[in-house]
Amino acid sequence: MTAEEVKIKNLTINDSLEEEDVVTPWSVESTVDTGIDYDKLIKRFGSSKIDEELLQRFEKLTGKKPHHFLRRGIFFSHRDMHTILNLYEQGKPFYLYTGRGPSSESMHLGHLIPFMFCKWLQDVFNVPLIVQLTDDEKSIWKNIKIEDAITLAYKNAKDIIACGFESRNTFVFSNLEHIGSNPAFYQNMIRIQKCVTYNQVKGIFGFGDSDPIAKISFPPTQAAPALSSTFPFIFKDIKAHCLIPCAIDQDPYFRMTRDVAPRIGHPKPALMHSTFFPALQGSKTKMSASDDNTAIFLTDTAKQIKNKINKHAFSGGQATVEEHRKIGGNCDIDISYQWLRFFLEDDERLEELRKGYTSGEILTGELKKELIDVLQKVVATHQENRSKVTDGTLQEYMRPRDLGFISKK
Ligand code: TYM
C-alpha cells in the first residue's frame, strides 16, 4: 500500500462491507432490533469508550455529578477528552463547537440531544459555544433553494437558543450568511482543502464521480469552526482547543479535521459522541426529520405526541397481557423505555420502570403513558422558551462579537 492508501484506509468509514451497521452523516441503519453495536463502532472508528475512570476524573475535577447522558452511556465515546480535562485542571480555557443542518422547519427530539448536552457542558466549564448552521449543506444535499435554506437556519436557531444558551458566551451562525463576511473562515477552508485529496474525501464520505463538486468541497466548511483562528473576533490569535459534542454520525468530518489540524498549526479537536435517539418504529434507524411518523417534533402538540407514541412506538412487550405478565417485556428493544433513558432524569424512577417492565408487572400501555407525560412536559417547556426568542434576540446571538474568551486566558 502507498502512504496515501494507508492514510485513506485509516480515515475511511466505507471499508466495512462485512459490517452490518451503516453509520454515515447521511444514513444510520442496523439490522437488529437492539440497534447499532456501539462497542464495535468504537473499534471501527478508532475512538475511545467513555469509561468509569473518565467519568470519575470528570466528577473529581468539576465537582459535578456527570449528566445522565454520561451516567447512562448515551454519550459513550470520545477522542482526547483527557486533554480537555488537563486544560481545565490547569485553568486554561477551551471552547465548544457543535451544529445543525437545517433541513426542516422544526427540529425533532433527536436533534435536541447534543444541544441539551452542550448547555450542561457550558454551565459546568463556563466556556464559549459556537453553533454552525449548515444551510449550505442542506441546500446542496436536499436541493433546497439558498434563500429557503437560510430561512430554515433562522427557524432552527430559535430552537437552539431556546435550549437555554446565554448570548454572553454563545455565537450562532448561518454558513450562507456568515462565511462571506469573515475572510479568516474562508482562508481556513482553503488551508484545509489544500490538505485533503479527492481520494481521501471519496474514502471518508463515499462520494462518487457524479456527485456535484459542492458536496466534495463541503467537508472543510464543517471542519473550519474546529480551528479557533476561524473566529478572530472571539479568539484573536489564540490557538484554543476545541471540544465537539455530536452524535457519532458526524465523526467522519472530524476524523478529517483531526488529520489536518496539526498540519496547519492547530490542536486536534476533541470529541464526545452520542448514540442515536431511535425512531419511534425501533432502534434499527435513527429518528428522521424527513419522515413525520418516525419522530416527535418540537412543534408537535400534546395530542400529537400522545397519538404518535400510542400508535407507533415499537413495543418490547408480549402479544397478550397474560404472556407479558408471565415472560415480561424487553427494555433493550422497547422504544418507550429507550426514550425514557434520554428524557427521564430521575434514576430511581427509571430503574423502577425497568424492573417492573422486565418482570411483566408494568404493561406497554403504562410505560407509554409515563413517556407521554414526560415528553409532553419537555416539549411544552421548549415551546414556551422558544416563544420568548424574538428576531431581536436572534440577531444578538448571530452577531460576530467578542465572547470574553481572551480575558480568561
Ligand atoms: P444534523 O442537523 O443532522 O443533526 C444535528 C445534531 O444532532 C445530532 N443528531 C442526533 N443525535 C441523537 N439522535 C439522533 N437521532 C440524531 N440525529 C441527529 C447530530 O449528530 C448533530 O450533532 N452536518 C451537521 C451539522 C453540523 C454539526 C457541526 C454537527 C455542522 N457542524 C458540528 C455537529 C458538530 C448536520 O447536518 O447535523
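We did not get these values from a lab; they are worked out from the coordinates using the rules stated. Since this is a predicted model, take the numbers as computed values, not measurements. We place every Cβ from the backbone using ideal geometry, glycine too, and count neighbours over all the protein chains shown.
With 5 Å bins beginning at zero, the pair-distance distribution over Cα atoms of the range 45-103 amounts to 4, 15, 24, 26, 18, 8, 4, 2, 0 %. Against the chain, whose longest principal axis is taken from its Cα atoms, helix 302-312 shows a tilt of about 70°. Computed from the Cβ-Cβ distance with R0 of 30 Å, the FRET efficiency linking LYS355 to HIS312 stands at 0.70. How much mean residue ellipticity at 222 nm does the chain get from its helices, if each DSSP H run of length 4 or more adds -39500 (n - 2.57) and you divide by all residues, to the nearest 500 deg cm²/dmol? The per-residue figure over the chain is -14000 deg cm²/dmol.
Across the chain, the mean sequence separation of Cα contacts (distance under 8 Å, 6 or more residues apart), normalised by length, yields a relative contact order of 21 percent.
Here the spin labels are modelled as points 7 Å beyond Cα on the Cα-Cβ line, and at ARG325 and ASP51 they lie 4.6 nm apart. P(r) tail for the range 277-409: Cα pairs beyond 23 Å make up 45% of the total. Of THR285, PHE45, SER387, which is farthest on the positive side of the dipole of the chain, counting Cα position, with +1 on Lys and Arg Cβ, -1 on Asp and Glu Cβ, and the Cα centre as origin? Toward the positive end, the furthest listed residue is SER387. Across q = 0.06, 0.11, 0.13 Å⁻¹, the chain modelled as identical point scatterers on its alpha-carbon atoms has Debye log10 I(q)/I(0) values of -0.24, -0.84, -1.19, in the order of the q list. When the Cα positions of GLY265, THR294, GLN338 are compared along the charge dipole of the range 216-363, GLY265 comes out farthest toward the positive end, with charges on each C-beta of Lys, Arg, Asp and Glu.
Rounded to the nearest 0.05, the FRET efficiency derived from the C-beta distance between ARG263 and LYS388 at R0 = 51 Å is 0.70.
Name all residues of the range 348-391 having a backbone nitrogen under 16 Å from the label point set 7 Å from the Cα of LYS65 along its Cα→Cβ direction, giving them as ranges. What the label zone holds, given the 16 Å backbone N cut-off, is 348-352. Net charge of the neighbourhood of CYS163, taken over other residues with C-beta under 15 Å away and scored Lys/Arg +1, Asp/Glu -1, is +2. The mean sequence distance of close C-alpha pairs (under 8 Å, at least 6 residues apart), as a share of the length of the range 255-409, puts its relative contact order at 18 percent. A simple spin-label model places pseudo-atoms 7 Å from Cα toward Cβ; at LYS145 and ALA380 they are separated by 3.8 nm.
Its Cα centre serving as origin, the chain has a Cβ charge dipole (Lys and Arg +1, Asp and Glu -1) of approximately 1180 debye.
Oblate is the label for the range 131-255. Its Cα gyration tensor axes, ordered a ≥ b ≥ c, give a/c of at least 1.5 and b/c at or above a/b. Along the axis of the charge dipole computed for the range 64-191 (Cβ charges of +1 for Lys and Arg, -1 for Asp and Glu, origin at the Cα centre), the listed residues LEU85, TYR186, THR134 are led at the positive end by LEU85. Sorting 356-369, 106-119 by average packing, meaning the other beta carbons within 10 Å per residue, from highest down gives 106-119, 356-369. Taking every C-alpha pair closer than 8 Å and separated by at least 6 residues, the mean separation divided by the residue count of the range 109-190 gives a relative contact order of 37 percent.
Note on TRP26 and GLU366: with the Förster distance fixed at 41 Å, the Cβ-Cβ geometry gives a FRET efficiency of about 0.65.
Put in line by how crowded their Cβ is, counting other Cβ atoms within 10 Å and starting with the fewest, ASP292, ASP135 read ASP292, ASP135.
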